[in-house]
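Every number here is computed from the coordinates shown, using simple stated rules; none is lab data. The model shown is predicted, which means the values in this text are computed figures rather than measured ones.
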């Protein structure tokens with residue numbers, strides 16, 4: 001890996017030997033952890049719920065063993081629609097001789113528990129008790145405005161259900177940057193994937209894959225951007241401290257093929273012109 005300071009006067013990590021810069025026409029963003037922090041802590045809801053479900057099968061595995069197994073597949077599927085994590089859960093139940101519920105039932109229970117955790121955040125935003133930037137990755141608004149000012153077309157694609165993404169993007173004051181190009185998971189999960197959105201961007205705007213720039217903190221979006229030849233920026237954000245690199249994320253995203261790694265967007269005024277080929 002190469003760490004550089006010049007020409008940006010900031011520290012980012014370049015994970016490839018020949019980073020291609022500039023000539024981008026469209027930019028794809030993931031939502032949770034990349035722009036929004038409203039759902040910070042979601043693994044602390046999903047993983048224990050799944051461990052509970054698996055313990056009910058009567059398996060002899062310890063809670064710690066189950067936690068490790070669940071964490072692996074939950075984070076490996078992070079970035080895909082939530083339903084895929086629940087499909088995997090159902091398969092794990094069956095493997096242990098249990099009778100699995102429909103994946104949608106597991107998904108609805110997860111959402112119920114998650115909403116208990118984050119409802120106060122949504123309410124504070126709705127009642128304007130707190131500013132939107134409090135629940136966004138630092139300097140998200142500034143980055144989106146900078147990209148928009150340069151004439152780039154912005155897309156938002158999330159594995160979270162579309163109805164939640166639309167509401168939360170509006171509460172965070174970022175929906176207008178994307179207009180009609182906000183995409184999220186559907187109950188008919190075969191009708192949405194980040195792969196489909198990447199292909200739609202390329203098809204609708206008749207761009208080449210290398211003209212696509214992407215930002216994400218999940219394995220899936222990094223893989224899909226790289227699959228078509230785009231440049232993928234790993235946002236290895238520490239969602240709790242709101243600064244610095246989350247090492248676990250950083251390692252996973254480099255494995256997925258990320259071109260460079262950043263912690264958040266506070267220093268985008270230094271590195272963005274360089275990345276876009278302005279300097």
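Compute the Rg to Rh ratio over the range 43-126 from the alpha carbon atoms, using the Kirkwood formula for Rh, and round to two decimal places. Mind showing how you got there, number by number?
Working: Rg = 13.5 Å, Rh = 13.3 Å.
Here Rg/Rh amounts to 1.01.
Can you classify the range 92-200 as rounded, prolate or oblate using the Cα gyration tensor, where a ≥ b ≥ c are the square roots of its eigenvalues, rounded means a/c under 1.5, and otherwise it's prolate if a/b beats b/c and oblate if not? Don't skip to the end; give the middle numbers.
On the way: a/c = 2.98, a/b = 1.48, b/c = 2.02.
Because a/c hits 1.5 or more and a/b fails to exceed b/c, the range 92-200 counts as oblate.
Taking a ≥ b ≥ c as the square roots of the eigenvalues of the Cα gyration tensor of the chain, is the shape rounded (a/c under 1.5), prolate (a/b larger than b/c) or oblate? Mind showing how you got there, number by number?
Details: a/c = 1.72, a/b = 1.58, b/c = 1.09.
Note, shape of the chain comes out prolate.
Can you show me the helix-derived [θ] at 222 nm for the chain, built from DSSP H runs with n ≥ 4 at -39,500 (n - 2.57) apiece and divided by the number of residues, rounded to the nearest 500.
On the way: 11 runs with 127 residues, N = 279.
After summing the helix terms and dividing by residue count, I get -14000 deg cm²/dmol.
In degrees between 0 and 90, to the nearest 10, how far off the longest principal axis of the chain does helix 63-76 point, with axes built from Cα atoms?
The two axes meet at around 40 degrees.
Report the full-extension gain for the segment residue 251 to residue 195: residue separation times 0.36 nm, less the Cα-Cα distance, to one decimal in nm. Walk me through the numbers on the way to the answer.
Numbers: separation 56, 0.36 × 56 = 20.16 nm, distance 2.23 nm.
Length gained between residue 251 and residue 195: 17.9 nm.
Taking the DSSP beta bridges in the chain as the whole, what percent of them are antiparallel, to the nearest 5? Don't skip to the answer; put the middle values down first.
Values: 7 of 27 bridges.
That works out to approximately 25 percent antiparallel.
Can you classify the range 148-194 as rounded, prolate or oblate using the Cα gyration tensor, where a ≥ b ≥ c are the square roots of its eigenvalues, rounded means a/c under 1.5, and otherwise it's prolate if a/b beats b/c and oblate if not? List each step's numbers first, then the result.
On the way: a/c = 3.48, a/b = 1.58, b/c = 2.20.
The shape class here is oblate.
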